[in-house]
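A quick write-up on the structure given underneath.
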Amino acid sequence: MKPPIPKEFWDDRFSGDEFAYGDRASRLLMGWCDVVSSEAKTALVPACGEGRDAVYLASLGLDVTAVDMSELGLAKTEALAKARGVMVKTVQANLFEWDWPDAGFDVVASMFAHMPPDARPKLHALYKKTLKPGGLIFIEGFSPEQIAYQKRYNSGGPQEVDMLYAAGMIQGDFDDLETLAFWTGVETLNEGKYHTGPAALLRAVFRKDGD
Ligand SMILES: C[S@@+](CC[C@H](N)C(=O)[O-])C[C@H]1O[C@@H](n2cnc3c(N)ncnc32)[C@H](O)[C@@H]1O
């Protein structure tokens, strides 16, 4: 499957010295740091961008694999990891062509990996396949209400409403997992040039059944 937004778009976005979405991890992941560091040893960060979440998880002591199609994003991931004194394994791949390991990771951390409706459920099924029993999936993204916040505050996210995370849609994608946390609401982002200002968000944490 072809990526919905071409690789060149992301390479261009990541070509500057600044971090387009900042270099601090997602607030969702930071809020769960105690659970993650006590329960998990390995993490996958699909669509890692410039690596803010991958590097954060590595700093918690996890063995982290970060996948993205943008080499420029991955180069910045590696530079950020080096600057923070941690290691992240980077993989350049189209997520729809990558050979996802079965039950390979304790954590999947998917932040702002918005996809169109034909691709999103496929990607989320791959998250479940690659998660170990008992493992955790973290999902963060913009909810459909973000369309109004983009117009008013230019605070980020795709402009196609069907790429945004409706609550029922995300619940449906993960209805075979236990829901540990689920939140939608408005928060003021301060995550680099492209995620700044009041924004409508969805955050969720799911657990796969243990053995
Ligand atoms: C909005 S950015 C989010 C980056 C990062 N997760 C963050 O929150 O800072 C979306 C990322 O998804 C990546 N991406 C989109 N479609 C992809 C695909 N099919 N395969 C691999 N990476 C993809 C882009 O290259 C980009 O880095």
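The values are calculated or read from the model by the stated rules, or taken from the named source; none is laboratory data. Because the structure is a prediction, the values reported are computed rather than measured. Cβ atoms come from the backbone with ideal geometry, glycine included; neighbour counts cover every protein chain shown.
Within the range 28-51, being in a loop (DSSP other than H, G, I, E, B) and more than 13 Å from the ligand (Cβ to nearest atom) holds for TRP32, ALA40, LYS41. Selection of the range 80-95 for residues being buried (at least 18 other Cβ atoms within 10 Å of the Cβ) and not in a strand (DSSP E or B) yields LEU80, ALA81, VAL86, VAL88, LEU95. Within the range 131-155, can you find the residues that are out of contact with any strand residue (DSSP E or B) (no Cβ under 6 Å at 6 or more places or on another chain) and part of a helix (DSSP H, G or I)? Correct list: ILE147, ALA148, GLN150, LYS151, ARG152. Restricting attention to the range 51-79 and to residues that are closer than 20 Å to LEU123 by Cα and within 12 Å of the chain's Cα centre (by Cα), the residue that is surrounded by the most Cβ atoms within 10 Å (Cβ to Cβ) turns out to be ALA54.
Taking residues in the range 154-174 that are of a type in the set (Asp, Glu), and partners anywhere that are part of a helix (DSSP H, G or I) and surrounded by fewer than 17 Cβ atoms within 10 Å (Cβ to Cβ), the pairs with Cβ atoms closer than 7 Å and at least 6 places apart or on different chains are ASP173/PRO121. Entry remark, the range 153-193: residues being closer than 23 Å to ALA119 by Cβ and of a type outside the set (Val, Ile, Thr) number 21 in total.
Filtering the range 52-69 to residues that are in a strand (DSSP E or B) and within 11 Å of the ligand (Cβ to nearest atom) leaves ALA66, VAL67, ASP68.
Of all residues in the range 140-198, count the ones that are closer than 23 Å to VAL107 by Cα, of a type in the set (Asp, Glu) and within 16 Å of the ligand (Cβ to nearest atom). Residues flagged as closer than 23 Å to VAL107 by Cα, of a type in the set (Asp, Glu) and within 16 Å of the ligand (Cβ to nearest atom) within the range 140-198 amount to 2. Among the residues of the range 11-21, those identified as under 13 Å from ALA75 (Cα atoms) and hydrophobic (A, V, I, L, M, F, W, C) are PHE14, PHE19. Would you say MET163 is more than 23 Å from ASP63 (Cβ to Cβ), at pLDDT 95 or above and buried (at least 21 other Cβ atoms within 10 Å of the Cβ)? For MET163, the condition - more than 23 Å from ASP63 (Cβ to Cβ), at pLDDT 95 or above and buried (at least 21 other Cβ atoms within 10 Å of the Cβ) - is not met.
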